[in-house]
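The values are calculated or read from the model by the stated rules, or taken from the named source; none is laboratory data. Since we're looking at a predicted model, the values are computed, not measured. Quick reminder, even Gly has a Cβ in these numbers, built from the backbone with ideal geometry, and neighbours come from all protein chains shown. These area figures cover heavy atoms from the full protein model, side chains too; ligands, DNA and RNA do not enter into them. Shrake-Rupley method; radii C 1.70, N 1.55, O 1.52, S 1.80 Å.
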Amino acid sequence: MRKFERMAVVGVALIASLAWAQVPSSDTTQPYPGTITLAVDASAATTKLFHAKETIPVKPGENTLLYPKWIPGEHGPTGPVVDLTGLKFFANGQRLEWRRDEVEMYAIHVNVPAGMNSIDATLDYTSPVREGIYTGGPTASDKLAVVSWNTLLLYPAGYDVHGITYQASLKVPDGWQIGTPLPLGTMNGSTYEFKPASLYTLVDSPVIMGEYLKVLKLNTPPTTPPVEMDIAADSRAALDFIPGVEDHLKQLPMEAVALFGATHYRDYHFLLSLSDHVAHFGLEHHESNDSRIPEDGLSKEGTYKVLGGVIPHEYVHSWNGKYRRPIGLATPDYEQPMKGDLLWVYEGLTEYLGDVLMARTGLWTPERYRDNLAEDAAELDNRPGRTWRPLEDTAVSVQTLNYAPTSWTNWRRTVDYYGEGELIWLEVDETIRQLTHGQKTFDDFAHLFYGQPSLPANEAPTFKSYTFEELVSALNQIAPYDWAKFFHDRLWSTAPHAPLGGVEASGWRLVYTDKPSDLFESEEQRRHSANMAYSIGLILAEDGTVEDSYFFKPAFQVGITPGMKIIAVNGRKYSGDLLRTAIREAKGSQQPIELLVQNADYFNTYKLDYHEGEKYPLLQRNGKPDTLADIIRAHAEER
Ligand SMILES: [Zn+2]
């Protein structure tokens, strides 16, 4: 999973996840008897209305059906139950009553009359236009759509999702093409019949579809399982990629195999949406990822520079997160709550390796990789919330932090286990190199933990869970060390500064200059904001509204806080550039920067006695050998 937007999530209610006791718990040994058929009609996808009809083998008496709640990879109870509409049940053509569980909103109870052994359910999924996040957010435009099966089905309570078999079909708009890892049976006009699959595999295999769909083969079988990108866009022009990008993307499968030494998919599909009208995020699956970025994501340098990283990130998850999964996330169904305590591995390590692959494939230059790392390091090193909230708590709190407002992020912290996890895993890599005198690297650990045996060609993927102790034990096989203490010291620290030992050991140090990197500038442009966090301590919207004000920094100290709006800088109407100029000119001067600030209906003047100039993060060589260069160079040719 990767979340992009810093903007607040609109209109999402957090649904309590306590009371699943009302619902039968899953039996992991018995398969559900019979096959459930699921016919999804997405032929009117452009209207945001999806229909489904399900035929479910049942026993007479009370049956409990569940709407998927804890969606794998979303790390929270995000199943969009509010958009489950039009629900009706029939037995032998006769309408049946249903009632929702009074405590568990995702459970539906249906009483099946004697003599009946199957029921039909019809339901709609009314896809949001603006609200919602991840797969529960906007999923269709006029030219493309993504079908997430979990939004369009109910499943019987009390069974492991590996043991429930679905026979799914999908009707798509006329003339649209599809991409999916779900094995296809037959095709009849615009209706695709898929081969029977477990509920686990079905939910793990979304379908992208669109009027403009480009299939880009990333490797040449049979050397490795086939890897392709199925890219749907809101325009034909958006499929005209920046020169060189396709060639770099074709390095990805080779570099990933060099890194991990094995694959855990039958074939792999990058399902990429290029649209300004769908939710923007990336969601991982075993054999695919559902990533949605703006329409110009692969055709405009500025957008690609900032968002391209989602592509290798989600691919790495096939190994880290899907094949190997923290025990707390390895639940038997979508009802049992997930525990996020090891997300600094699941997401933090994926962030590290995803960015490393960006560099190893040439998708980023070494300089851009370092600029990104510098930003990451600076962001975490200037996070005052770390003095009260240890990193581990940001992982445990994922279900609440994913819905957090942007204001006060610096003090609340956010899902910092991504960026700080990246710093910690770089330090793991460097520590392995030091302990083994350069004989071993992180890649050796990756081969051990995520590598052989590869998934046999005809088997559906499944996962191997792990505990913290098993992770530590595997690291000890590569380089004996007190890894438990190493992680504990970093995960539970309330020190004011971020763990930058990996950056330092790799031959670099974090410094601040008065020139932003082009990556930094592109991010500001994309977010329509001005980031002065490291100088006066403000992040500002285009109109001067304070999005965040950093504790202990100059603006905060004079009383400027989120929600206030800067109206004027030294007597002149606010713009980001004007404030930057004022910060530059105040350097070496005795004059404070005067800000006219609106707080609701009142106007106040604040004087910022700040004279250190602009500050933007940069990595500078520190005199030690540049092992970072070895980490990020192409590796595929050697293995
Ligand atoms: Zn992720």
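Some notes on this structure:
- Long-range neighbours under 6 Å by Cβ, at least six apart or interchain, first residue under 18 Å from Leu216 (Cα atoms) and open to solvent by 10 Å² or more (accessible area, probe 1.4 Å) within the stretch 271-285, second modelled with pLDDT under 95 and more than 11 Å from the ligand (Cβ to nearest atom): none
- Just one of the listed residues (Leu259, Leu252) is out of contact with any strand residue (DSSP E or B) (no Cβ under 8 Å at 6 or more places or on another chain) and more than 14 Å from the ligand (Cβ to nearest atom), namely Leu259.
- Qualifying residue in the stretch 223-239 (condition: of a type in the set (S, T, N, Q) and farther than 25 Å from Leu49 by Cα): yes
- Matching residues, the stretch 303-313, being of a type in the set (A, V, I, L, M) and either within 15 Å of the ligand (Cβ to nearest atom) or assigned to a strand (DSSP E or B) (or both): Leu307, Val310, Ile311
- For the stretch 417-453, a tally of residues being out of contact with any Gly (no Cβ under 9 Å at 6 or more places or on another chain) and more than 19 Å from Ala479 (Cα to Cα) returns 1.
- Among (1) out of contact with any helix residue (DSSP H, G or I) (no Cβ under 6 Å at 6 or more places or on another chain); (2) within 30 Å of Leu540 (Cα to Cα); (3) in contact (Cβ under 8 Å) with a residue 40 or more places away in the chain - the single one Pro461 does not satisfy: (2)
- Residue match in the stretch 232-240 (condition: free of Cβ contacts under 8 Å to residues at least 12 places away in the same chain and open to solvent by 30 Å² or more (accessible area, probe 1.4 Å)): no
- Scope the stretch 184-219; condition among the β-branched types (Val, Ile, Thr) and either open to solvent by less than 40 Å² (accessible area, probe 1.4 Å) or at positive phi (or both); matching residues: Thr191, Thr201, Val203, Val207, Ile208
- Some residue of the stretch 302-317 being closer than 25 Å to Arg370 by Cβ and over 18 Å from the mean Cα position of the chain (by Cα): yes
- The sole residue among Val278, Val345, Val310 that is at pLDDT below 95, more than 21 Å from Leu202 (Cα to Cα) and of a type in the set (A, V, I, L, M, F, W, C) is Val310.
- Residue match in the stretch 418-441 (condition: surrounded by 20 or more Cβ atoms within 10 Å (Cβ to Cβ), free of Cβ contacts under 8 Å to residues at least 40 places away in the same chain and away from the ligand (no atom under 16 Å from the Cβ)): no
- Residues in the stretch 139-164 that are assigned to a strand (DSSP E or B) and either aliphatic (A, V, I, L, M) or free of Cβ contacts under 8 Å to residues at least 60 places away in the same chain (or both): 5 in all.
- Top-ranked residue of the stretch 530-544 - restricted to ones that are among the hydrophobic types (A, V, I, L, M, F, W, C) and in a loop (DSSP other than H, G, I, E, B), ranked as farthest from the chain's Cα centre (by Cα): Ile536
- Pair list, Cβ under 8 Å, 6 or more apart: the stretch 24-46 residue open to solvent by 50 Å² or more (accessible area, probe 1.4 Å), other residue in a strand (DSSP E or B) and among the polar types (S, T, N, Q): Pro24/Thr64; Pro31/Thr165; Thr35/Thr165; Thr35/Gln167; Thr37/Thr55; Thr37/Gln167; Thr37/Ser169
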